[in-house]
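The values are calculated or read from the model by the stated rules, or taken from the named source; none is laboratory data. Bear in mind the structure is a predicted one, so any value in this text is a computation, not a measurement. Here the Cβ is made from the backbone with ideal geometry for all residues, glycine too, and neighbour counts use every protein chain on show.
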C-alpha cells in the first residue's frame, strides 16, 4: 500500500503518534446488537446439544527485521505527557521488566512486548521471535478482510453458502442452520467474537485462499506472520508447519489500528469495532469491565500454547499494548493473569 513507508529495524521500539486515534465509539448501540445476535442464536440452538467446544519444538528462528510505520514512530517530543503517566521511574521500569522475565524464564519459548503511554515505557523479551500463532492468526485474517473491502475486492455483504462445507465440531457456525447463507461480515464477527474456526476457514476461502491471504498479510507489513494452514488442519495436529507470528507484529497491528493509519477512516472505525472483542480476561482480568479492550486472548489449539494480545486506553488517547506469546509455560493461566495484574497495577499506580 502506498500509504506505508517500510523501515526495517532490529528490535525497534514504537512511539505513539500525535495523530488523534480513531475510537470504536457507540459499540453498545445498534452495531453491537447486530454483532451479538448471531452468537445468541447459535447459543440458543446449542442448548439442546452437548457442548463440544475444543480448547484444544523448539524455537525456529528469530527474524532480525520488523516493519515499523512512520506514523507510529513520529517523535513525541512536542506531545504533552499523560496526566496519569508523567514519568515511569527506574524502579517501576525495573519491576515491569522483572514481571516479563518471569514469563520468559518459565516458558520453553516466548515472545513478549509491552508499551505504555507516549513511549515512556517500552520493554520486550524476544519480541521478534516467531512462534505458532494459534488463535491470534485470526487478527491478521480480519485485517486482510478489511484491506479487501477498502480495495473493493469484496463487500461486507457478500454471501457464503455453508451447506456443503466441512463441519468443525464446537464451532458456533455448526449450530446455526446449515441450509442458509451468511455474509462475510457475520463470518468475521463469529471468528473474532466466538473464536469460530469453521467461520475462519470459510472466510479464508472467500478472501481468495491461503496463499492470497498470506500474501496480503505480508503486503500490509506484517512480515513475521505466516498463514499456511486453515483451522481444520491446525486443529488436526497433522500440520507439518504451523501458522506463525510474533509479539512485534501483533503490537504493530493493534497500534496501527488504534492510531488510524492502517486503513481509511471509515474502514478503520469498523475494524476497531470488530477488534474490541478481548474482554476483561487474561492480561485484562484486573481492569475495569466498562473499558474497551482491543485484541484477542487465544483459545489454545495446540497443547502448551498460551497467547494474549491486548490494547487498551489507560486514559483518553493514551494506549497501553501488552502482547505475550508463550510455549510450554508452567501454570500458564495463573501466570498470565498475574502478569496482567502486576503490569496494569504498575502502569496505573
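Modelled with pLDDT under 95 and over 23 Å from residue 327 (Cβ atoms): is that true of residue 204 in this structure?
Here the answer is no, as residue 204 does not meet what is asked.
Kindly provide the set of residues from the range 137-191 that are more than 22 Å from residue 228 (Cα to Cα), in a helix (DSSP H, G or I) and in contact with a strand residue (DSSP E or B) (Cβ under 8 Å, 6 or more places away or on another chain), ordered by number.
Residue satisfying the conditions is 173 alone.
Taking only pairs six or more apart or across chains, which ones have beta-carbon atoms under 8 Å, a first residue in the range 93-106 that is on the phi > 0 side of the Ramachandran plot and modelled with pLDDT of 75 or more, and a second residue that is loosely packed, with under 15 Cβ neighbours inside 10 Å and part of a helix (DSSP H, G or I)?
Close Cβ pairs (under 8 Å, with a partner that is loosely packed, with under 15 Cβ neighbours inside 10 Å and part of a helix (DSSP H, G or I)) do not exist here.
Pick from the range 163-181 the residues that are farther than 13 Å from residue 200 by Cβ and under 26 Å from the mean Cα position of the chain (by Cα): which of them is surrounded by the fewest Cβ atoms within 10 Å (Cβ to Cβ)?
If we take residues in the range 163-181 being farther than 13 Å from residue 200 by Cβ and under 26 Å from the mean Cα position of the chain (by Cα), then 169 is surrounded by the fewest Cβ atoms within 10 Å (Cβ to Cβ).
Residue 213: surrounded by 17 or more Cβ atoms within 10 Å (Cβ to Cβ), at pLDDT 95 or above, closer than 30 Å to residue 340 by Cα and touching a helix residue (DSSP H, G or I) at 6+ places or on another chain (Cβ under 6 Å), yes or no?
No: the conditions fail for residue 213.
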